[in-house]
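Working notes, beginning with the structure itself.
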Amino acid sequence: MSSPDRNDTPVLITEAAPSYEEQHAARRRKYAIMMSLRFPCLILAALFAQTWWLALFFIVLSVPLPWMAVLIANDRPPRKAEKASRYEAERRAIAPKSTTIIDG
């Protein structure tokens, strides 16, 4: 039996959050990609050793990559704000009673 206050509209599957395993796999991919970018930066810095400013650029670029990779890998997506279902009683005003006034 469903009450008139209950919302019986079905939840679309596209609104569902990805599973923990899917989130973890996506974060692992991002971490692997960012960490794999560090090694080419260091190789490019060695190749451009004669051009000191370009070598320095690649070294400076490779320094924050592990830190950023860890931050991104540990970050979960924000939870969706859900409206809490709370019982809301219908509020009625107290009806005035008809009283008989006797003057006398």
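What follows is calculated from the coordinates using simple rules that are stated; it is not laboratory data. Please read these numbers as outputs of a predicted model, since none were measured by experiment. As a convention, Cβ positions derive from the backbone with ideal geometry for all residues, glycine included, and neighbour counts pool all protein chains shown.
Here are some notes:
- Label separation (TRP52 vs GLU90): 8.4 nm, computed from points 7 Å beyond Cα along the C-beta direction.
- For ARG29 and VAL60, the difference between the fully extended length at 0.36 nm per residue and the C-alpha to C-alpha distance is 8.8 nm.
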